[in-house]
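Asker: My structure is below; once you've seen it, I'll send some questions.
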Amino acid sequence: MSQPSSKRKKVISATFSNRETSTNSDISSSENPASAIINVSAVEVPELTEQEQSDRLHLERKVERAFFEAGKALAELRDRRLYRSTHRTFEEYCKDRFSYTYRHVNYLIAGSVIVDNIKMGTNSSQNEQVDEMGTNSSQNEQVEEMGTISSQILPTSEVQVRPLAKLEPQQQHQAWQRAVKQAGGKVPSGRIVKDIVQTIMERTQVPNSYQVGEVCQILAKDNPELRGKGGCWAIVSAVNDFSCTVRLWNGECTVGVKHLRSFNYLPDECQQVREICDRINRVYSDSLEETVKNLLQLLGKLNRPYLTAVEEKLLSLIETEYGITDGG
């Protein structure tokens, strides 16, 4: 068998040897090797053409809007139930199609809503500024330039807007503008946004006036962590500074004061709801059939402290079917 590799090695070796000899001779020719001058040829970087500049801006905008566009698309897929031909639920569809957890999907959708709120606030503030300053062309150009520099700096990641979900829509725009300013006119990190939101919340918190045993209703208000819980009654089991630990039909969670609204039930009515909650909690589990879980969820969203005769029969039938007794 022929051995061309050996010849190739010799050629390469000779090449490197020549380069090394040349380099050493150049350096040794200097009286002081430490002060040797190495000539490096300059590489000319061509300026971007007008079309390239336009393409760059277009692509940058696509990167910046990636999570926003994803949230918008997911919301439309969910609202129009465009997944129904292949999947029973939106959650299963997102997991199979995109490998997204349900929580991540909710964060993306909520994030796109927040970006819309920021954009609406930006447009509103700019319009107000135009009205105050006048409407001649030079002033409009000034407002447009200011918007490009500061007001039009939008989030590029869902993590940056997640803390804003705790604020009202008009507060979200204000908090974002403060975060941009604190970041030196650049896109702020999630940590900066979170710190500003925390400052706003501490300044506007309402004292917790709820009591243990009180029956409230959960108000989701675009909070992705409460998705699926909106409208459920919640029995207060612990009172914190600015939140309550509450019992739901399917478990327990902590909810901020602004996401609760009291039903103002009488003590006897609160006791009736607690008894219904106990019964549902005893029978509920993740392994239940979907129809049964849906029925229990409906019972957990009643706007009255009692069951009708039909609802009582249905709940009793489920308890019997799964072997749940009053003491079980």
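Asker: Taking the simple approach of a point 7 Å from Cα along Cα-to-Cβ for both Val159 and Leu288, what is their distance in nm?
Answerer: In this crude label model, Val159 to Leu288 measures out at 3.7 nm.
Asker: Related question: Could you give me the ³J(HN,Hα) list for segment 47-58, computed from phi with Karplus coefficients 6.51, -1.76, 1.60 and θ = phi - 60°, whole Hz, x at Gly and Pro?
Answerer: Whole-Hz 3J(HN,Hα) from phi for segment 47-58: 5, 5, 6, 4, 5, 5, 4, 5, 5, 4, 4, 4.
Asker: Continuing with the same structure: Charges only on Cβ, +1 for Lys and Arg, -1 for Asp and Glu: so what's the dipole of segment 184-328 about the Cα centre, in debye to the nearest 20? Don't jump to the answer; show the numbers that get you there.
Answerer: Working: 17 positive and 19 negative charges, 162 e Å.
Charge dipole, segment 184-328, about its Cα centre: 780 debye, nearest 20.
Asker: While we're on this one: Suppose every Lys and Arg Cβ carries +1 and every Asp and Glu Cβ carries -1, with no other charges. What dipole size does segment 190-256 come out with about its Cα centre, to the nearest 20 debye? Could you put the intermediate results ahead of the total?
Answerer: Details: 7 positive and 7 negative charges, 36 e Å.
Its charge dipole is roughly 180 debye.
Asker: Right, next: If eta is 1.567 mPa s and T is 4 °C, what Stokes-Einstein diffusion coefficient results for segment 266-328, Kirkwood Rh from Cα pairs, in µm²/s?
Answerer: Working: Rh = 12.1 Å.
Roughly 107 µm²/s, to the nearest whole number.
Asker: Can you pick out the pairs among Lys72/Lys186; Lys119/Lys258; Lys229/Lys258; Lys194/Lys221; Lys119/Lys186; Lys221/Lys301 whose Cα atoms lie more than 20 Å from each other? Walk me through the numbers before you get to the answer.
Answerer: Working: Lys72/Lys186 24 Å; Lys119/Lys258 24 Å; Lys229/Lys258 14 Å; Lys194/Lys221 18 Å; Lys119/Lys186 16 Å; Lys221/Lys301 16 Å.
Long pairs (Cα-Cα over 20 Å): Lys72/Lys186; Lys119/Lys258.
Asker: Using per-residue counts of other Cβ atoms within 10 Å, averaged over each peptide, order 285-293, 60-68 from highest down.
Answerer: On the way: 285-293: 10.7, 60-68: 14.4.
Ranked from most to least packed, the peptides come out as 60-68, 285-293.
Asker: Given a 1.4 angstrom probe, I'd like the percentage of the accessible area of segment 271-319 that is carbon and sulfur, rounded to a whole number.
Answerer: Numbers: 1420 of 2740 Å².
Carbon and sulfur: 52 percent of the exposed surface of segment 271-319.
Asker: Here's another thing I want to ask about it. Of the listed peptides 177-186, 99-108, what is their order by residue-averaged count of other C-beta atoms within 10 Å, with the highest listed first?
Answerer: On the way: 177-186: 15.3, 99-108: 17.4.
Answer by packing, highest mean first, reads 99-108, 177-186.
Asker: Extending each Cα 7 Å along its Cβ direction at Ser54 and Ser99, get the distance between those two points in nm, one decimal.
Answerer: About 3.7 nm separates the two model spin labels.
Asker: Any idea of the accessible area per residue across segment 207-282, 1.4 Å probe, to the nearest Å²? Present the calculation step by step, with values, prior to reporting the outcome.
Answerer: Working: 3680 Å² over 76 residues.
Result: 48 Å² of accessible area for each residue.
Asker: More than 23 Å apart: what percent of Cα pairs in segment 180-328 qualify? Kindly include the intermediate steps, with their values, before the conclusion.
Answerer: Values: 5000 of 11026 pairs.
Value for segment 180-328 (Cα pairs over 23 Å): 45 percent.
Asker: Now a separate question. For segment 228-276, what percent of Cα pairs sit more than 16 Å apart? All intermediate terms of the calculation are to be shown ahead of the outcome.
Answerer: On the way: 438 of 1176 pairs.
Considering segment 228-276, 37 percent of its Cα-Cα pairs are separated by more than 16 Å.
Asker: Suppose all protein chains stay in the model; what accessible area per residue would a 1.4 Å probe give for segment 49-119, in Å²?
Answerer: Numbers: 4800 Å² over 71 residues.
With the other protein chains kept in place, segment 49-119 gives 68 Å² per residue.
Asker: Work out the charge dipole of segment 67-117 with +1 on the Cβ of Lys and Arg and -1 on the Cβ of Asp and Glu about the Cα centre, then indicate which of Phe90, Phe68, Val113 is farthest towards its positive end.
Answerer: Highest projection toward the positive end goes to Phe90.
The values are calculated or read from the model by the stated rules, or taken from the named source; none is laboratory data. In this text the structure is predicted, and so the values were computed from the model without any measurement. Cβ coordinates were reconstructed from backbone atoms using ideal geometry, including for glycine residues, and neighbour counts include every protein chain displayed. What goes into the accessible areas is simple: the full protein's heavy atoms, side chains included, and nothing from ligands, DNA or RNA. Shrake-Rupley method; radii C 1.70, N 1.55, O 1.52, S 1.80 Å.
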